[in-house]
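Working notes, structure below.
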Number of protein chains: 2
Amino acid sequence: MSRLNLTTQRKAILDLVQSCEDHPTAAEIMERLRMKGHQFAYGTVYNSLRYLTDAGLIRELKLGETASRYDGRTEDHYHIVCKKCGRVDEVLSAPPAEWIREVAAKTNYDVHHSQVVFEGVCYSCKHPNA
Amino acid sequence: MSRLNLTTQRKAILDLVQSCEDHPTAAEIMERLRMKGHQFAYGTVYNSLRYLTDAGLIRELKLGETASRYDGRTEDHYHIVCKKCGRVDEVLSAPPAEWIREVAAKTNYDVHHSQVVFEGVCYSCKHPNA
DNA sequence: ATTAAATTTATACTAAGTCTAAATACTATT
DNA sequence: AATAGTATTTAGACTTAGTATAAATTTAAT
């Protein structure tokens, strides 16, 4: 665990991810950086995303698609994906502690963390006329 | 929805996945088929796995690794991954319905399904001496 | 037997990400 | 300020997992 070292590139990428309302992939992040006048090497973007993730400044989301997405929100939270339009929203309710305890007891694991991805249909897709 | 068509290849792959205690990747499935004397084309294995998944006979697990894993258990269940050794176990307790209702209410989604992956440390890794 | 449809095969291709070696940028010490 | 040492960036080759395609084969239906 060494000291945090935010280079120009890492800072720009952190700022960008934090400013996003959505959850961009690495490719989308590169595209948005380019639109802001930044032109970083391919590998630098991946390296920086990993660095920032390891440092706990951003989160990597693996939602079952081929590419990871990134999230500037670092609080513990989950996601819900719309099957119809692909939209991803935040889920702020945590799974009940009672359930986690039950899982730990039944599996004999120390449970550190859980990733939850809900799938369903979002409000807009339910009401396409509105 | 057409009728189920289990070709020789699909049957062999289904049998193999159902006989597994673990959750093999496509590459591991190919390897195990080869050891049993089957030699199917690369693409056939992927096609068959998708076919069997779509037919609901097996499940595709996306546990956040680079490759999908496959599971012969079709009942609704979840998984727990050991951070130390990578081992994957089944979790049979479902998330409480109350929590799902809360999530649906807060997000305005119709929630159809949830994928849950727990991370932690398994019994063997906790007690390495035993 | 003949045609049509579905499936398998071999192989080319794609997407997402890692690895490597050289170039560049920082840091600390004198 | 010069030097040495470490860290980072860059460009591009490479890897892995999976998809796409077109020809060959199998299966099913007349």
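The values are calculated or read from the model by the stated rules, or taken from the named source; none is laboratory data. Note that the coordinates shown come from a computational prediction; the quantities given were computed from them, not determined experimentally. Note that each Cβ is placed from the backbone with ideal geometry, even for glycine, and that neighbours are counted across all protein chains shown. Calculation scope for accessible area: heavy atoms of the full protein, side chains included, ligands and nucleic acids excluded. Shrake-Rupley method; radii C 1.70, N 1.55, O 1.52, S 1.80 Å.
Which one of A:Y109, A:N5, A:S124 is farthest out on the positive end of the charge dipole of chain A, using unit charges on Cβ (Lys, Arg +1; Asp, Glu -1) and the Cα centre as origin? With unit charges placed on the Cβ atoms, the residue in question is A:N5. Chain A packed on chain B takes about 3300 Å² of accessible surface away from a 1.4 Å probe, both sides summed.
Close amide-amide hydrogen proximity is noted between B:E119 and A:H112, A:H113, A:S114, A:Q115, B:V81, each under 5 Å apart and 5 or more residues distant or on a separate chain (H modeled in the peptide plane; Pro and chain starts excluded). For chain B, the solvent-accessible area with a 1.4 angstrom probe is 58 square angstrom per residue. Rounded to the nearest 10 degrees, the inclination of helix B:8-19 to the longest alpha-carbon principal axis of chain B is 40 degrees. Sequence-ordered 3J(HN,Hα) estimates for the stretch B:21-29 from the Karplus curve with 6.51, -1.76 and 1.60 and θ = phi - 60° stand at 7, 10, 10, x, 7, 4, 5, 5, 5 Hz, glycine and proline given as x. In nanometers and ordered shortest first, the copy-to-copy spacing of the A:L6 label point, defined 7 Å from Cα toward Cβ, is 5.8.
With both partners inside chain A, how many of the DSSP beta bridges are antiparallel, as a percent to the nearest 5? Intermediate values should be presented prior to the final figure.
Numbers: 8 of 12 bridges.
DSSP beta bridges in chain A are roughly 65 percent antiparallel.
When both the stretch A:1-76 and the stretch B:71-130 are represented by their alpha-carbon centers, they are found 27 Å apart.
Put simply, the amide H of B:L61, placed in the peptide plane, has neighbours under 5 Å in B:R69, B:Y70, B:D71, leaving out anything fewer than 5 places away on its chain.
GNM remark for chain B: springs join alpha carbons under 10 Å apart, and the peak mean-square fluctuation among B:E60, B:E75, B:E102 falls on B:E102. Equivalent ellipsoid of the stretch B:78-126: semi-axes from √(5λ) of the C-alpha gyration tensor, largest first, are 29, 9, 9 Å.
Element breakdown for the stretch B:78-126 at a 1.4 angstrom probe: carbon and sulfur atoms account for 51% of the accessible area. Of all lysines in the structure, the ones whose alpha carbon falls short of 17 Å from that of A:K106, not counting any fewer than 8 places away in one chain, are B:K126. Across chain B, Cα pairs under 8 Å and at least six residues apart give a relative contact order of 21 percent.
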